[in-house]
Amino acid sequence: MIICANEEYKGAAEFYAEKLGIPEDTIIAIGIYPQMPVAGYCEFHEEEAVPYFLIGIEENPEDEGAEDPISVLAHETVHVKQYVNGELIDYGQHCSWKGVDYREVEADTEDYYFSPWEVEAFGMQVGLYRLYCRSMET
């Protein structure tokens, strides 16, 4: 179940979730915020009565060089898939990727870009976004 006030973002997230095989009963809430320190993030809130994912997306129309937020949404939805499938487990100061422990890495560093969960998310982001754009043309 995708929760988002913006219908375009909701539709894109539904498209991505379907392509990634995320179960329909997975709750994903999407927040759109101006001027965040990052383009997007994904958090898993399992301590709640009903576990859910929160995806935050930066939308700053004044920044002409910014990446399309719908593309960033594809990246963050890949992280939902990783959590749902148990591929990525976040322990706070470290995480586990497919059973291998990794220390926490700072965003926008070399270690961040080469972490396997980010390599997968960035790689799949491109294809998902292109498929979504193509689906909107028809």
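The values are calculated or read from the model by the stated rules, or taken from the named source; none is laboratory data. All values reported here derive from a predicted model rather than from experimental measurement. As a convention, Cβ positions derive from the backbone with ideal geometry for all residues, glycine included, and neighbour counts pool all protein chains shown. To get the accessible areas, we keep the full protein, side chains included, count just its heavy atoms, and leave off ligands, DNA and RNA. Shrake-Rupley method; radii C 1.70, N 1.55, O 1.52, S 1.80 Å.
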Failed item, numbered, when Cys42 is tested on (1) under 13 Å from the mean Cα position of the chain (by Cα); (2) over 29 Å from Glu7 (Cα atoms): (2)
Given (1) over 20 Å from Gly31 (Cα atoms); (2) at pLDDT 95 or above; (3) open to solvent by less than 60 Å² (accessible area, probe 1.4 Å), number of the condition Met124 does not satisfy: (3)
Top-ranked residue of the stretch 1-53 - restricted to ones that are charged (D, E, K, R) and under 21 Å from Ile89 (Cα atoms), ranked as modelled with the lowest pLDDT: Glu48
Unique residue being out of contact with any Lys or Arg (no Cβ under 8 Å at 6 or more places or on another chain) and touching a residue at least 60 places away in the same chain (Cβ under 8 Å) when the list is Ile89, Ile70, Ile55: Ile70
Residue within the stretch 124-137 that is among the polar types (S, T, N, Q) and in contact with a His (Cβ under 9 Å, 6 or more places away or on another chain) present: yes
Test: residue in the stretch 65-73 that is modelled with pLDDT under 90 and of a type in the set (Gly, Ala, Ser): yes
